[in-house]
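For reference, the structure is listed below as structure tokens.
What follows draws every value from the coordinates through simple rules; no lab data is involved. Only a predicted model underlies this, so the values are computations on that prediction, with no experimental measurement involved. Glycine also receives a Cβ, built like all others from the backbone with ideal geometry; neighbour counts cover every protein chain displayed.
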Amino acid sequence: MKTVVLTQQKASPSVAQKSLFQSLGLLNILILLSMTLHANAESSKIVKWKDDKGVTHYGDKIPAQYSNTENSIINQQGITVKRNKPMTFQDESLIKSKIEQDKKDKALLSAFTNENEIDLARDRNLQLDRVTIEGLQLQRNNSQKRLSDNQKSASTFTAKKKPVPADLAGDVKNNQDEIAKIDKQIDDRKTSMEATRKRFDEDKKRYIALKNYANGSGSAPATPSAIAPSTPTITPASIPTTAPATTNAPPPVPPSANPAASPIKATKPK
């Protein structure tokens, strides 16, 4: 009776496996070689800089206090391979300006979905100024009427060659001051409205340029060269439900023909 002995033979690696092992080994060698060369390059780097007294120094690392000064990178052969110039105030200003503009652009694009919404937001912002100016105009008409009445009363004393009472002359002066104050408030509101229109017009142009650039139909919008004063980002604002408080005055009365009459000097009656 014969005994059969079974032996287990190890499977030899295939050609593909051998090729893979060789590739991995070569890759590891290349990575190790690259790391070695980089480490050698870093260790052989020489930095040249000057201190605040103008003395030249050499070393493998520049001190922190001189990091923003002019310096050079020199190799082992003494050849300058790189020059680093300090960042100027203008460079910092440009960087800050770009960061600030990027924030404004992002807020602008997130606030509106189309350019027509910018026009609507502008009109809502201007509406409050219009209502305020209407109220100021009503106050001015009332003040002008009181001034005309007081000037008429004062003229009766003047016609009779009598001194104008001090209280009446004071009322005339107060009326004139009040009208001048209201006129200034109206002018300030009109100036504010003009600034609002200009601001919205500029934002609308910027919005269109950003949209065209995003769609590939326009060039990149320019970044301002200087930082502009920070202004509130335009967002669709709501109109207040209540108008500015006004006095319950009678309907406007046309101003007199001579609103800018000269002040009357008060004299005490004898």
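Structure notes:
- Under the Karplus curve 6.51 cos²θ - 1.76 cosθ + 1.60, θ = phi - 60°, whole-Hz ³J(HN,Hα) for the stretch 65-70, x wherever Gly or Pro sits: 5, 10, 5, 9, 10, 5
- For the stretch 45-86, the Kirkwood hydrodynamic radius from C-alpha pairs, put into Stokes-Einstein at 10 °C and a viscosity of 1.306 mPa s, yields a diffusion coefficient of 154 µm² per second.
- At an R0 of 30 angstrom, the distance between the Cβ atoms of ASN84 and ALA107 translates into a FRET efficiency of 0.30.
- Euclidean distance between Cα centres, the stretch 64-78 to the stretch 97-149, Å: 55
- Amide H contacts of HIS57 (H built 1.01 Å from N, under 5 Å, at least 5 apart or other chain): TRP49, LYS50, ASP51
- Fewest-first ranking of VAL55, VAL47, using other Cβ atoms within 10 Å as the exposure measure: VAL55, VAL47
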